[in-house]
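What follows is a single structure, written as structure tokens, with notes after it.
The values are calculated or read from the model by the stated rules, or taken from the named source; none is laboratory data. A quick note: this is a predicted structure, and the numbers were derived from the prediction, not measured. Virtual Cβ from ideal backbone geometry, glycine too; neighbours counted across all protein chains shown. SASA here: full protein model, heavy atoms, side chains in, ligands and nucleic acids out. Shrake-Rupley method; radii C 1.70, N 1.55, O 1.52, S 1.80 Å.
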Amino acid sequence: MSAITAFLLFALVCSAYADYNRNQKFQWAELYDSEGKATSWGTVVVSASGTVGMVCDDGMRDHTADLLCQLAGFENGAESWGSHYNSAADKRLPTSIISQRGWSLYALDDISCPSYAWFLYQCSYNAVGSHDCSWGEAIVLKCRSEEEGMDIDDYSVQIQRGNGVMDFNGTVVLDSTLSKGLVCGKNVTAETAQLFCNAAGYRYLVHYDVAANYSSSNKLSCDRLKDQELSVIVDDVKCPNNTTDLSDCRFRASEDDECDVDMALVVSCTNDESNQWKLTNVTLAYNEVGEHE
């Protein structure tokens, strides 16, 4: 083995150990109902840096809820989240059970996870002893179980401008075994938007948003939507980390009242590496390139 090979192997092992060591800050997470029974919908309890307790809702966001559900073993993330204040009584873990089990009231407060975070150790937070939370601010999660959602194996993706012409910049149109229609853009991550660009034949994502925030020329017009009889057909697209294919993702059929065409996913894609979003597990930063010709 050459010196260079040995060094690279050593660096790889050290990097893997560092990731493992950082992850040990969060040994486990579990959801409990009002009787202290494990469930997929209840109060989240985590073991963080050796302390077991609930998570305060200060700073909570959808992406953080997904990471907590994944730590609890629900790979498809969170369907919804709230707090004790706005959750049903049977979802709220009482302080009596917390005391009986020797847990702290809270293990985490002010947790904030950037969009690029794949693990909770990449989030910032205040550990136990630093919180200012009452019992009512405890996070309640509804996590997606394995059987929820659907796979789409046979599909194609088009990106259509306002006039319906296929282009690198426009509304995402998914044609699958389910039907043909739009994708809800709510809670879509940059990594998932990148997969839609890839499926449409482009190497990189430049920008993404919901249709309401795009100019009329860069999203399907009402007339073109009517002509093609298009509406939002899928919502809550959840893709596992490091996947390179939409067929690995889970989709949920969208209800009419959940996501209208103004919330449809619109993307701008490119084959120019210098114009892409920077997608890594360390950083996520938009490289502004101005208007495309």
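Would you mind finding the one in ASP262, ASP223 that is touching a helix residue (DSSP H, G or I) at 6+ places or on another chain (Cβ under 6 Å), at pLDDT 90 or above and either in a helix (DSSP H, G or I) or surrounded by 22 or more Cβ atoms within 10 Å (Cβ to Cβ) (or both)? Working first, answer last.
On the way: ASP223 fails: touching a helix residue (DSSP H, G or I) at 6+ places or on another chain (Cβ under 6 Å).
Just one listed residue meets the conditions, ASP262.
With open to solvent by 20 Å² or more (accessible area, probe 1.4 Å), in contact with a helix residue (DSSP H, G or I) (Cβ under 9 Å, 6 or more places away or on another chain), acidic (Asp, Glu) and modelled with pLDDT under 90 as the only criterion, which of ASP132, ASP153, ASP167 stands out?
Numbers: ASP132 fails: in contact with a helix residue (DSSP H, G or I) (Cβ under 9 Å, 6 or more places away or on another chain); ASP167 fails: modelled with pLDDT under 90.
Within the list ASP132, ASP153, ASP167, the selection yields ASP153.
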Original post:
Quick one: what pairs do we get from the range 53-69, first residue assigned to a helix (DSSP H, G or I), second surrounded by fewer than 21 Cβ atoms within 10 Å (Cβ to Cβ), C-beta under 6 Å, 6+ apart or different chains?
Top reply: ASP62/ASN187
Original post:
For the range 89-113, which residues satisfy the criterion of being part of a loop (DSSP other than H, G, I, E, B) and either among the charged types (D, E, K, R) or exposed (fewer than 13 other Cβ atoms within 10 Å of the Cβ) (or both)?
Top reply: ARG92, ARG101, GLY102
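Against the definition (open to solvent by 40 Å² or more (accessible area, probe 1.4 Å), within 30 Å of GLY36 (Cβ to Cβ) and modelled with pLDDT under 90), how does GLU146 come out, yes or no?
In short, yes.
Would you pick out the residues in the range 160-190 that are acidic (Asp, Glu) and in a loop (DSSP other than H, G, I, E, B)? If you could, list the steps in order and put the result at the bottom.
Going through the range 160-190, the residues acidic (Asp, Glu) turn out to be 167, 175.
Hit for the range 160-190 is ASP167, nothing else.
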**OP:** Would you check which residues across the range 191-220 are farther than 24 Å from SER274 by Cβ and part of a loop (DSSP other than H, G, I, E, B) and list them?
**Re:** LYS219, LEU220
